[in-house]
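First up is the structure itself, then whatever we jot down about it.
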Amino acid sequence: MKVVEIDRRRCLPYQDFVRDYLFPKKPVIISGALSAWHALGKWTPDYFKSKFGTKNLTIDGKKYTMADFIDRVSSSTRQNPAPYLRNAILEHFLPELLADINPEPPYFLPNWLDGKLGRVLRSRLHDGSPELFIGGSGAKFPFLHFDSYHTHAFLVQIYGIKEYTAFSEDQTHLIYVHPHQYNASQIPDIENPDFSKFPLFAQAVPMRFRLHPGEILFIPGGLWHTARMLSPCITISVNRANASNWSTLTHDMCTHAPLHMKPLAAAYLTGIRAFRTLLDFRS
C-alpha cells in the first residue's frame, strides 16, 4: 500500500507554522519546542505508579488502581493489550501535573476556546485543557476519527513511541462515516479491514508515522486519524480553535444543534469570531 509522508520540522518558527501548516490545515511533526517541560524525563510509568499508585481509575467501564493499571501497561502486548487511559482532563484528574507541562508552545495559540466568551462551549470542549493518555504496547485508539467540531489537535509525546495512521479530509468518501457519529468511521479495524464490507477503503492512501518523546504532532481539524502504541506511552493532547478553523466549528455546532437553537448558536459563534479577530489584530 502506498503511504504518504508527513513533514518533520525542528524549531519551526511560529509564522512559518501559521503560513505552511495551520491555515493550509496540513499535519506536521515539530521538535525542539519543549526543552522547558519537566514532564520529559520525569513522567514514566514507574513515576505514575509510585506517586499515584492508590488513585482509582475507571477505563471503559472497569475500575483499577493506578498501580494495577501501570502493571498492566508494563506487561501489555499486541495479543493482550492493556486498557488505554485516554482523554483524562489533567486539571480534574491530576492537577498537580500541570506545572510540568509549561510554558505552552506558541503553536497552541491563539486559543479561542478559553476565557469568558467561550463559557458556553466549556461543557463540550473544556477550554482546550490538556488531556492525558497512557497506554501499553499493542494498545490503540478504538476507532478512526477526527476530533469533534473540527478542532485542531496538538499531540505531545512525553514517553514511549506511538504510531499514527491518518487520512486526509478529501478521502472522507472512502472512510465509511458512521451514520450516527459524523466524525467516526464504521471500519472496526483499519489494519485488517473487511474489503467485502468496505470496498472503497482499498483506495484510501494513508499517512503513517511515529511520534517520539519531545515531539509535537499537529493534527488539523478534519484529518482522520488513529494511533497504536509500539511501547508503553504517555501523551498529552490539547484541542484548539481559532480563525483557521472557526468556520468549520461553527458549521458543525449549528448543524448538530436543536432546530430552535440554530439561529442563537450561529449568532453566538459569529460574535466570538468578530471579537477574537479584533483582539488578535490588536495584539
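The values are calculated or read from the model by the stated rules, or taken from the named source; none is laboratory data. Note that this is a predicted model, so its numbers are computed, not measured. Using ideal geometry, Cβ is built from the backbone for each residue, glycine included, and neighbour counts are taken over all protein chains shown. When the accessible area is computed, the model is the full protein with side chains, heavy atoms only, and any ligands, DNA or RNA have been set aside. Shrake-Rupley method; radii C 1.70, N 1.55, O 1.52, S 1.80 Å.
Excluding L22 itself, calculate the net charge of residues whose Cβ lies under 11 Å from the Cβ of L22, where each Lys or Arg counts +1 and each Asp or Glu counts -1.
Working: positive: R19, K25, K26, R240; negative: D16, D20.
Within the 11 Å Cβ shell, the charges total +2.
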Segment 185-283: C-alpha gyration tensor shape, a/c 1.5 cut-off, then a/b vs b/c: oblate
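For the chain, what is the relative contact order in percent, using Cα pairs closer than 8 Å and at least 6 residues apart in sequence? Intermediate results must be reported in sequence, preceding the final value.
On the way: 537 pairs, mean separation 72.3, N = 283.
Relative contact order for the chain comes out at 26 percent.
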Cut-off 9 Å between beta-carbons: net charge of the residues surrounding Y164, Lys and Arg +1, Asp and Glu -1: +3
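Once you have a ≥ b ≥ c as the square roots of the Cα gyration tensor eigenvalues for the chain, tell me rounded if a/c is under 1.5, and otherwise prolate or oblate according to whether a/b is larger than b/c. Present the calculation step by step, with values, prior to reporting the outcome.
Details: a/c = 1.44, a/b = 1.17, b/c = 1.23.
Verdict is rounded for the chain.
Could you tell me what percent of the DSSP beta bridges with both partners in the chain are antiparallel, to the nearest 5?
Numbers: 42 of 47 bridges.
Around 90 percent of the beta bridges assigned by DSSP in the chain are antiparallel ones.
May I ask you to give the solvent-accessible area per residue for segment 188-230, in square angstrom, as obtained with a 1.4 angstrom probe?
Averaged over the residues of segment 188-230, the accessible area is 42 Å².
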Cut-off 13 Å between beta-carbons: net charge of the residues surrounding E104, Lys and Arg +1, Asp and Glu -1: -2
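Probe radius 1.4 Å, ligands and nucleic acids ignored: give me the carbon and sulfur share of the accessible area of the chain as a rounded percent. Write down the numbers at each step before the final one.
Values: 7630 of 13750 Å².
Carbon and sulfur together cover 56 percent of it.
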Shape category assigned to segment 1-115 from the gyration tensor of Cα positions, a/c cut at 1.5: prolate
Label-point gap, in nm, between E169 and T44 - each point 7 angstrom along Cα→Cβ: 4.1
Proximal aspartates and glutamates relative to K116, as straight alpha-carbon distance under 15 Å, when same-chain residues fewer than 8 apart are discounted: D127
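Find the relative contact order for segment 93-250 and round it to a whole percent, using C-alpha pairs within less than 8 Å whose residues are 6+ positions apart. All intermediate terms of the calculation are to be shown ahead of the outcome.
On the way: 297 pairs, mean separation 66.1, N = 158.
Relative contact order of segment 93-250: 42 percent.
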Length added when fully stretched, H251-Q203, from 0.36 nm per residue minus Cα-Cα: 14.5 nm
Under 27 Å from the Cα of K63 - lysines, other chains or at least 8 residues apart: K42, K49, K51, K55, K140, K162
Value of relative contact order over segment 183-283, rounded to a whole percent, pairs C-alpha under 8 Å and six or more apart: 14
Protection proxy ranking, peptides 34-41, 149-156, average beta carbon neighbours within 10 Å, highest first: 149-156, 34-41
Gain in span if fully extended, F275 to N102, counting 0.36 nm per residue against the direct Cα distance: 59.6 nm
Cα centroid separation, segment 166-184 to segment 33-70 (Å): 32
